[in-house]
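Every read-out reported here was derived from the displayed coordinates using simple, explicitly stated rules and does not represent laboratory data. As the structure is a prediction and not an experimental result, all values here were calculated from the model. All Cβ positions, even for glycine, are placed from backbone atoms using ideal geometry, and neighbour counts span all protein chains on display.
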Amino acid sequence: MRRTVWLLLALVVSVTCNVAAYGKSSATENAREKCEEELQALRTAASAAGVETEPRRVPQPEPEPEPEPADLWSQEQSEDRPIRVLRSRVRINSAGTPELTIILKNTTRKTVDGFKFQVRCFNNFNDPVLNRMRRRSDEYSGISSDTIRAGQQRSLGTWSLFDFPTCSKAIVVITDAHFADNTLWEGVSRQEEDPREPN
């Protein structure tokens with residue numbers, strides 16, 4: 001209540017002083033100085049009476065940092081992985097574009113009818129090959145609707161690596177699998193053979 005009264009008095013003084021200042025052009029500067037003096041006196045009196053004259057600042061909670069995405073390539077293999085990624089091959093087609101083939105094995109008693117995967121691309125010197133469009137990523141994302149029967153091993157592909165023109169080696173990780181009975185699996189099934197290692 002006292003703060004409200006102080007604000008009203010300050011408003012009246014301010015308006016009165018401004019009217020006086022602009023109404024007497026020859027005494028404008030003196031009127032402004034008098035206005036400031038009266039406002040300062042009003043602030044002093046309000047402060048002595050325990051009235052807050054400055055606007056209250058409500059502390060704002062600091063935003064919680066967003067969790068960093070899990071690094072797919074450093075996660076442990078899922079023990080229940082339904083598909084083993086045995087190895088991969090990168091071949092150059094007649095147009096000079098790298099193409100990826102993946103050799104997989106279904107280790108379950110159910111038919112797999114789709115999976116999602118990520119690929120990291122490397123050149124002959126085992127350097128990461130960046131996507132020539134984005135220039136920040138050496139990863140390729142793919143999806144397959146091929147069928148792999150229970151216990152079957154298959155060579156699947158090919159996937160064009162057009163945006164990774166110097167890719168000659170790849171490491172594949174399967175992240176999702178879909179089964180014919182409409183069940184899903186999510187996890188990490190990383191390629192077992194590392195093409196960067198000497199034969």
Two pseudo-spin positions, 7 Å from Cα along C-beta at D176 and at T147, lie apart in nanometres by 2.2
If I model a spin label as a point 7 Å beyond the Cα along the Cα-Cβ vector, how far apart are those points for E193 and E36 in nm?
8.5
Calculated on alpha-carbon atoms, Rg and Dmax of region 78-190 in Å
14.4, 43
Anchor K105: aspartates and glutamates whose Cα lies under 17 Å away (excluding residues fewer than 8 positions away in-chain)
E79, D80, D113, D146, D176, E186, E192, E193, D194
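Would you kindly state how much longer the chain becomes between V58 and I92 on full extension, computed as 0.36 nm times their sequence separation minus their alpha carbon distance, in nm to one decimal?
Numbers: separation 34, 0.36 × 34 = 12.24 nm, distance 6.33 nm.
Result: 5.9 nm gained on full extension.
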HN-Hα J couplings of region 150-166 from phi, Karplus 6.51/-1.76/1.60, θ = phi - 60°, integer Hz, Gly and Pro as x?
4, x, 7, 10, 9, 9, 10, x, 10, 10, 6, 9, 4, 7, 10, x, 9
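Please order R196, R120 by the number of other Cβ within 10 Å, starting at the fewest. Mind dumping the intermediate values first?
On the way: R196 9, R120 20.
The fewest-first ordering by Cβ neighbours comes to R196, R120.
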Just flag the chymotrypsin sites (Phe, Trp or Tyr not before Pro) in region 113-199 sitting in loop per DSSP whose Cβ has no more than 12 other Cβ atoms within 10 Å.
F125
Once phi is turned into θ = phi - 60°, what whole-Hz ³J(HN,Hα) does the Karplus curve with 6.51, -1.76 and 1.60 give for every residue of region 75-91, x standing for Gly and Pro?
6, 6, 4, 6, 5, 9, 4, x, 10, 8, 8, 6, 6, 9, 9, 10, 10
